[in-house]
Amino acid sequence: MKLLELINISKIYKTGTEHLAALDNINIAVNEGEFTAITGASGSGKSTMMNLLGLLDTPTSGTYRFMGEDVSNLPEKTLTRLRNKSIGFIFQSFNLIPTLTAEENVELPLIYRKIPSSRREKLVKNALEAVGIAHRKNHRPSELSGGQQQRVAIARAIAASPSLILADEPTGNLDSTAAKTVMSLLRRLHESGATVVIITHDPKIASSAERVITVADGRVV
Ligand SMILES: Nc1ncnc2c1ncn2[C@@H]1O[C@H](COP(=O)(O)OP(=O)(O)O)[C@@H](O)[C@H]1O
Ligand SMILES: [Mg+2]
């Protein structure tokens, strides 16, 4: 079953009179349960692709089908709702809220999703345990190492079992040991059935995914 599909997708940035095709007629599909890496050099179009896949931006032309629905031209409000419901994000810089504990960071998106508190408690506990960071649940981000912060961020991304886990350079700010831990966590999520897409400029990180899509100059190569 296809989870997502980009069909003849282009994204053109216009600056003044210049038109730049950051994505140039892209066709890719990702099946449910796949672990895919999207890789390419700086400027190849990875962030643009991540923004489209994550429903953070819309294409200039082409069709994006997500969970069987054409989402290419949905209004911002609908995109936001779908994004919050279906996609768990993991970022290079973790993006945890500094004033909240690990546990509270994981809980926050569940509050937004109006999940009742008893159920939230259970989901938070499960997610923190799944990434091996439950013993640090009362720590704030500044009291955790980079690798630990990324584990909290992964717990936040997976807590509500999203249809897609989308990770943007998830190991970019980590030393090689922490990077390996994060990659093995993502692999384990994949083995337990999650659909994972990571964006990385690092071919070595990309090679630990099940499938690698390489972009260059806005095209799949
Ligand atoms: N908002 C923007 N306005 C104009 N050009 C952009 C914008 N974002 C990206 N670009 C250009 O689009 C191309 C692809 O960029 P990007 O998707 O950020 O690549 P990557 O993430 O692989 O480095 C680059 O040439 C970049 O300069
Ligand atoms: Mg980028």
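General remarks:
- Residue ID - farthest from ligand 2 (Cβ to nearest atom), chosen from residues in region 73-100 that are of a type in the set (S, T, N, Q), in contact (Cβ under 8 Å) with a residue 60 or more places away in the chain and assigned to a loop (DSSP other than H, G, I, E, B): Ser93
- Residue selected from region 194-220 under the condition part of a loop (DSSP other than H, G, I, E, B) and hydrophobic (A, V, I, L, M, F, W, C), by the criterion farthest from ligand 1 (Cβ to nearest atom): Ala194
- For region 113-129, the criterion of being modelled with pLDDT under 95 and under 21 Å from the mean Cα position of the chain (by Cα) is satisfied by at least one residue.
- Residue under evaluation Ala155, criteria (1) away from ligand 2 (no atom under 16 Å from the Cβ); (2) in contact with a Gly (Cβ under 7 Å, 6 or more places away or on another chain), criterion not met: (2)
- Only one of the numbered conditions (1) more than 16 Å from ligand 2 (Cβ to nearest atom); (2) on the phi < 0 side of the Ramachandran plot is not met by Ser161, and that is (2).
- Going through (1) farther than 18 Å from Val212 by Cα; (2) within 16 Å of ligand 1 (Cβ to nearest atom); (3) modelled with pLDDT under 95 one by one, Asn73 falls short only on (2).
- Residues of region 1-55 satisfying the condition of being within 10 Å of ligand 1 (Cβ to nearest atom), among the hydroxyl-bearing types (Ser, Thr, Tyr) and either at pLDDT below 95 or under 20 Å from Ile90 (Cα atoms) (or both): Thr15, Thr39, Ser42, Ser47, Thr48
- Conditions (1) in contact with a His (Cβ under 9 Å, 6 or more places away or on another chain); (2) closer than 25 Å to Val124 by Cα; (3) loosely packed, with under 15 Cβ neighbours inside 10 Å: number failed by Ser42: (2)
- Of all residues making up region 161-179, the number that are surrounded by 19 or more Cβ atoms within 10 Å (Cβ to Cβ) and closer than 19 Å to Glu103 by Cα: 1
- In region 6-18, the condition of being part of a strand (DSSP E or B), out of contact with any Leu (no Cβ under 8 Å at 6 or more places or on another chain) and either under 27 Å from Ser145 (Cα atoms) or within 16 Å of ligand 2 (Cβ to nearest atom) (or both) is met by no residue.
- For region 24-49, the set of residues classified as touching a Leu at 6+ places or on another chain (Cβ under 7 Å) and in a helix (DSSP H, G or I) consists of Thr48, Met49, listed by residue number.
- Checking each residue in region 55-79 for being under 12 Å from the mean Cα position of the chain (by Cα) and crowded, with 19+ Cβ neighbours inside 10 Å picks out only Leu55.
The values are calculated or read from the model by the stated rules, or taken from the named source; none is laboratory data. All values derive from a computational prediction rather than experimental measurement. Note: ideal-geometry Cβ built from the backbone for every residue, glycine included; neighbour counts use all protein chains shown.
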